Amino acid sequence: MNKNEFIRMRTTLTGLLILIACIGLGQGKDPKAAALLDEVSAKAKAYKSIKVEFSYTMVNAKAKINEEKTGTLLVSGDRYKMTAAGQTVICDGKTIWTYIAASNEVQVNTLENKDEALTPSKLLTSYNANFKSKIIKSTDPAVESVELVPTTAKNFTRAILGIDKSKKQVKSFTLFDKSGNTFSYKIKNYLTDTAVTPADFTFDAKKFPGVEVIDMR
């Protein structure tokens with residue numbers, strides 16, 4: 001995996017985990033935004049598992065980049081599995097596997113030693129007090145839009161959440177980074193409390209004949 005692919009994959013994972021696990025982000029002066037985010041996050045935390053099908057785009061007008069991909073994300077506590085763009089990231093809460101289909105290789109890292117290995121609970125704590133939030137105008141009457149602006153140095157300048165007013169679920173997430181990239185995520189299907197097993201969150205090399213295992217632990 002080259003550096004650009006790694007950054008994009010990490011950004012995609014970060015964005016989706018924020019989307020699933022956004023909680024306590026409303027630390028600004030807009031009590032309505034804070035209350036809404038607390039309600040959304042409380043509902044998400046009550047589920048034993050969440051599975052989403054999503055689409056995402058990366059746009060950089062200056063670099064003439066406009067990419068669109070689809071994928072899936074399964075989350076249960078601090079365990080997750082994301083598949084997108086020929087790559088799969090799996091975490092069992094202790095170890096993280098990044099599988100690249102094109103080269104049939106998997107990189108293995110110890111979770112706690114890798115800043116890029118994010119989990120929902122890490123996002124809950126690290127992002128908890130680092131955003132100012134406010135309600136902004138939405139073009140869809142069924143959606144409440146919340147703008148998030150980091151109060152500490154981040155790789156992005158702001159983000160916009162689109163929240164379904166009736167279901168209290170995040171429908172979309174747009175991330176604007178300092179390099180001029182815009183990452184947009186849209187949830188196509190949102191399933192809760194689906195059955196999961198430990199095998200869903202581990203990488204089984206036997207299922208990938210000839211896979212090259214790069215153990216970086």
Taking A33 as the residue in question, decide whether it is surrounded by 14 or more Cβ atoms within 10 Å (Cβ to Cβ) and touching a Gly at 6+ places or on another chain (Cβ under 7 Å). yes
In this structure, does S145 turn out to be without any contact (Cβ under 8 Å) to a residue 40 or more places away in the chain, in contact with a strand residue (DSSP E or B) (Cβ under 8 Å, 6 or more places away or on another chain), polar (S, T, N, Q) and not in a strand (DSSP E or B)? no
Just checking, which of E212, E147 is under 21 Å from the mean Cα position of the chain (by Cα) and at pLDDT 85 or above? E147
Subset of the range 45-78 that is of a type in the set (D, E, K, R) and not in a strand (DSSP E or B) - its residue that is surrounded by the most Cβ atoms within 10 Å (Cβ to Cβ): D78
For I90, indicate whether it is at pLDDT 90 or above, among the β-branched types (V, I, T) and either within 15 Å of the chain's Cα centre (by Cα) or under 16 Å from F203 (Cβ atoms) (or both). yes
Could we say that L191 is closer than 18 Å to T72 by Cβ, among the aliphatic types (A, V, I, L, M) and either in a strand (DSSP E or B) or modelled with pLDDT under 90 (or both) here? yes
Restricting attention to the range 167-188, report how many residues are surrounded by fewer than 19 Cβ atoms within 10 Å (Cβ to Cβ) and assigned to a loop (DSSP other than H, G, I, E, B). 5
Considering every residue within the range 189-207, establish whether at least one is surrounded by fewer than 16 Cβ atoms within 10 Å (Cβ to Cβ), under 27 Å from E67 (Cα atoms) and touching a residue at least 12 places away in the same chain (Cβ under 8 Å). yes
Only residues that are free of Cβ contacts under 8 Å to residues at least 40 places away in the same chain and either more than 16 Å from T139 (Cα to Cα) or of a type outside the set (S, T, N, Q) (or both): list them for the range 167-187, please. K167, K171, F176, K178
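The values are calculated or read from the model by the stated rules, or taken from the named source; none is laboratory data. Here the structure is a predicted model, which means the values were calculated and not measured. Please note: Cβ atoms are built from the backbone with ideal geometry, for glycine as well, and neighbour counts cover all protein chains shown.
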